[in-house]
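All remarks here apply to the structure that follows.
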């Protein structure tokens with residue numbers, strides 16, 4: 001199969017870029033021909049104010065991107081185009097470019113931007129579904145949800161509204177990939193056609209080995225931002241009866257909290273390269289994941305499972321689906337530092353149970369998040385998208401014939 005991947009990289013590379021790269025290498029591994037069109041947001045650093053305003057308008061519809069993708073389709077002639085992110089440099093115009101070139105499109109839903117202008121269903125440090133299901137997402141305008149910036153939010157709402165009214169999301173995209181069943185249901189609530197939304201989790205490469213987990217510490221690895229439950233984590237560690245060592249990896253707006261008045265046992269390591277994070281996971285006893293928003297599918301959890309590291313996570317959204325309480329980890333009440341401290345203390349005091357759940361975490365990885373399993377699911381989604389596109393094309397041709405002849409045979 002010939003696949004064209006399309007992705008607009010973020011200025012700060014993260015999980016989406018890791019997924020794009022992993023899928024690219026996986027598809028090549030199984031003999032598919034894959035080409036990429038990747039646009040880098042780093043070019044924004046050199047733009048002046050006028051160019052940035054112009055770009056904001058183009059984020060809704062970029063004729064340049066439309067033409068560029070049509071040229072790439074003409075040169076490569078893919079069987080399918082797989083889109084990961086289009087904002088802000090590519091824009092949703094590319095879906096129409098594919099449609100007009102008679103090539104089916106698959107879109108991975110890495111976040112909630114198709115149903116939430118702020119992209120994460122989270123506002124003021126709590127879950128927010130005020131825009132869910134609304135054709136015109138005015139609550140986002142009232143609250144300046146996109147990057148806490150009124151102008152940016154206006155353009156985000158404008159783009160979402162325009163493409164909903166135009167029917168882009170319903171007609172020009174043949175299949176969507178949600179990362180959990182929970183996320184799938186949210187996207188359906190938000191208006192995406194249920195029959196087009198499939199579930200395929202993220203995955204990690206098979207070269208991650210099971211660790212020995214002999215390090216006497218728990219681990220937090222993620223962005224230091226409010227929705228990751230960082231404040232709940234610190235409060236929980238203040239409440240622990242005994243000092244349980246915790247290594248913290250990451251950067252973010254809450255980084256200053258880790259430079260003074262830390263609870264006993266916490267060691268802040270700052271930003272660490274991915275291969276070193278894997279090594280930390282291979283030696284840790286527990287991964288702490290106290291997130292307080294609807295995570296789509298955190299790569300850190302899949303990587304932890306690959307190393308045989310069980311996870312303590314809040315029982316919220318897709319995390320209740322990914323981390324199986326009593327098997328691959330433990331749940332605690334979201335946003336409750338007392339309950340997190342209770343679960344951490346209980347788990348830490350039972351190394352045999354930690355080892356058992358770690359083995360089950362690795363088994364879950366091999367069963368659900370392995371290279372082979374992911375390839376099977378992805379190709380089946382591609383095929384479904386191709387079939388759906390073919391049926392839609394036949395309906396369009398029949399419709400034109402009826403319109404021209406006035407006869408329905």
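Sort the following peptides by mean Cβ neighbour count (other Cβ atoms within 10 Å, averaged over residues), highest first: 100-111, 300-311.
So the peptides 100-111, 300-311, ranked by packing, come out 300-311, 100-111.
Want the number for residue 338 to residue 366: 0.36 nm per residue separation, take away the alpha-carbon distance, what's left?
Taking 0.36 nm per residue and subtracting the Cα distance, the gain is 6.7 nm.
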**OP:** Before anything else, pin down the relative contact order of the chain: Cα pairs under 8 Å, at least 6 apart, normalised by residue count, whole percent.
**Re:** 14
Original post:
Rounded to the nearest 0.05, what FRET efficiency is calculated for residue 390 and residue 67 with R0 set to 22 Å and r the Cβ-Cβ distance?
Top reply: 0.30
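Can you put 40, 134 in order, fewest other beta carbons within 10 Å first?
40, 134
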**OP:** Determine the shape class of the stretch 218-368: with a ≥ b ≥ c the square roots of the Cα gyration tensor eigenvalues, call it rounded for a/c under 1.5, and otherwise prolate if a/b is greater than b/c, oblate otherwise.
**Re:** rounded
Original post:
In what sequence do 372, 255 fall when counting other Cβ within 10 Å, fewest first?
Top reply: 372, 255
Original post:
For the pair residue 170 and residue 30, how long in nm is the line joining their label points, each one 7 Å along Cα→Cβ?
Top reply: 3.2
**OP:** Set the Förster radius R0 to 41 Å, insert the Cβ-Cβ distance between residue 195 and residue 147 as r into 1/(1 + (r/R0)^6), and round the FRET efficiency to 0.05.
**Re:** 0.80
Original post:
Mind checking the angle between helix 63-76 and the chain's longest principal axis? C-alpha axes, 0 to 90 degrees, to the nearest 10.
Top reply: 90
Subject >> Most mobile listed residue (259, 32, 99) in the chain, GNM with C-alpha springs under 10 Å >> reply: 259
Original post:
Which residue, 322, 288, 188, tops the fluctuation ranking in a GNM of the chain built on C-alpha contacts under 10 Å?
Top reply: 188
Subject >> For the chain, built as a Gaussian network whose Cα springs stay under 10 Å, the top-fluctuating residue of 233, 262, 27 >> reply: 262
**OP:** Evaluate the Debye formula for the stretch 83-130 with equal point scatterers sitting on the alpha carbons, no solvent, and hand back log10 of I(q)/I(0) at q = 0.16, 0.17, 0.28 Å⁻¹, in q order, two decimals.
**Re:** -0.55, -0.60, -1.06
**OP:** With r as the distance between the Cβ atoms of residue 259 and residue 75 and R0 = 51 Å, compute the FRET efficiency 1/(1 + (r/R0)^6) and round to 0.05.
**Re:** 0.50
**OP:** From zero up to wherever the largest Cα-Cα distance of the stretch 210-295 sits, split into 5 Å bins and tell me the percent of pairs in each.
**Re:** 3, 14, 26, 27, 19, 9, 2
Original post:
What's the exposure ranking of 162, 203, going from fewest to most Cβ atoms within 10 Å?
Top reply: 162, 203
Original post:
Looking at (1) 1.00; (2) 0.96; (3) 1.25, which value of Rg/Rh (Cα atoms, Kirkwood Rh) comes from a calculation on the structure shown?
Top reply: (1)
**OP:** Obtain the nm distance between the two label points defined at residue 1 and residue 325 by a simple spin-label model: each point lies 7 Å from its Cα along the Cα-to-C-beta direction.
**Re:** 3.7
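Computed from the coordinates by the stated procedures, all read-outs in this text should not be read as laboratory data. Note that the structure is predicted; figures quoted are calculated from it, not measured. Reconstructed Cβ throughout: ideal geometry from the backbone, glycine too, with neighbour counts over all protein chains shown.
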